[in-house]
Amino acid sequence: MIDEKALISQLRDADHRDEAFGTLLKAYGDRLYWHIRRIVVSHDDAEDVMQETALKILTGIDSYRGESRLATWLYRIATNEALLHLRRECHIFQSIDSLGEVLAERVEAEADVDADRASVLFQQAIALLPTQQRLAFNLRYYDEMPYDEMAQVTGKSVSSLKTNYHLAVERIKRYVKENSI
């Protein structure tokens, strides 16, 4: 288990920042990458967003007030950076939710040749969800995050997150059923 207070103190200390940042990435990097990847889908985009997230963490560590767990703060930054990336991408679309088709196509393109068809369908169903449903589903299903922590990450109410998760599950079931061979 990581000592968050000590790590934050080291991140704020110029003499220990590099080592502390390495520790932070070792502890949280994979989880943040996959969280970002589930939002933007593409590996290359996830790598870019992860770099932006890392930069925001380093430059913003002094603003971290400790009102939530460090992991929650990191997820919030990663989520905001991933959504910002999608917003930049959607300049040719009417809204961020209209990116669903593009993201679903990326799922197909990024899938391994040997990928299980059901797994690809599942990922496409998630990609086609409206953004808030996709976020709620990913945080709850993949990250097993409690609703109160999800609320801190997303800035949404617990009740809206529960509703979005439920709607996401229903849409995913329907999509997989309709598109299964």
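In the stretch 17-60, how many are among the basic types (Lys, Arg) and in contact (Cβ under 8 Å) with a residue 24 or more places away in the chain? Break it down into steps so the answer makes sense when it comes.
Taking the stretch 17-60 as the starting set, the residues that turn out to be among the basic types (Lys, Arg) are 17, 26, 31, 37-38, 56.
Filter once more, keeping what is in contact (Cβ under 8 Å) with a residue 24 or more places away in the chain: 17, 31, 38, 56.
Qualifying residue count, the stretch 17-60: 4.
Could you count how many residues in the stretch 56-70 are in contact with a helix residue (DSSP H, G or I) (Cβ under 9 Å, 6 or more places away or on another chain) and more than 22 Å from residue 151 (Cβ to Cβ)? Final tally of qualifying residues: 3. For the stretch 39-93, the set of residues classified as of a type in the set (Ser, Thr, Tyr) and over 12 Å from the mean Cα position of the chain (by Cα) consists of 42, 59, 63, 64, 68, listed by residue number.
State yes or no: is residue 108 surrounded by fewer than 18 Cβ atoms within 10 Å (Cβ to Cβ) and over 16 Å from residue 171 (Cβ atoms)?
For residue 108, the condition - surrounded by fewer than 18 Cβ atoms within 10 Å (Cβ to Cβ) and over 16 Å from residue 171 (Cβ atoms) - is met.
In a residue-by-residue description of the stretch 15-22, the property of being among the hydrophobic types (A, V, I, L, M, F, W, C) and either outside any helix (DSSP H, G or I) or within 29 Å of residue 112 (Cβ to Cβ) (or both) applies to no position.
Residues in the stretch 138-164 that are touching a Phe, Trp or Tyr at 6+ places or on another chain (Cβ under 6 Å) and surrounded by 17 or more Cβ atoms within 10 Å (Cβ to Cβ): 140, 153, 161. For the stretch 111-131, filtered to residues that are of a type in the set (A, V, I, L, M) and at pLDDT below 75, the residue that is nearest to residue 168 (Cα to Cα) is 115.
The residues in the stretch 169-181 that are outside any helix (DSSP H, G or I) and surrounded by 18 or more Cβ atoms within 10 Å (Cβ to Cβ) can be counted, and the count is 0.
In the stretch 138-157, the residues that are in contact (Cβ under 8 Å) with a residue 40 or more places away in the chain reach residues that are hydrophobic (A, V, I, L, M, F, W, C) and surrounded by fewer than 17 Cβ atoms within 10 Å (Cβ to Cβ) with C-beta atoms within less than 8 angstrom, at least six apart or across chains, in these pairs: 142/34.
Of the residues 7, 11, 24, the single one that is closer than 24 Å to residue 135 by Cα and either under 17 Å from the mean Cα position of the chain (by Cα) or not small (Gly, Ala, Ser) (or both) is 24.
What is the residue count in the stretch 118-162 for residues that are over 16 Å from the mean Cα position of the chain (by Cα) and of a type in the set (Phe, Trp, Tyr)? Going through the stretch 118-162 one residue at a time, the tally reaches 1.
Does the stretch 59-89 hold any residues that are hydrophobic (A, V, I, L, M, F, W, C) and either loosely packed, with under 12 Cβ neighbours inside 10 Å or in contact with a Gly (Cβ under 8 Å, 6 or more places away or on another chain) (or both), and which are they?
77
The values are calculated or read from the model by the stated rules, or taken from the named source; none is laboratory data. Just so we're clear, the structure is a prediction, and the values are computed from it rather than from any experiment. Backbone-built Cβ (ideal geometry, glycine too); neighbour counts: all protein chains shown.
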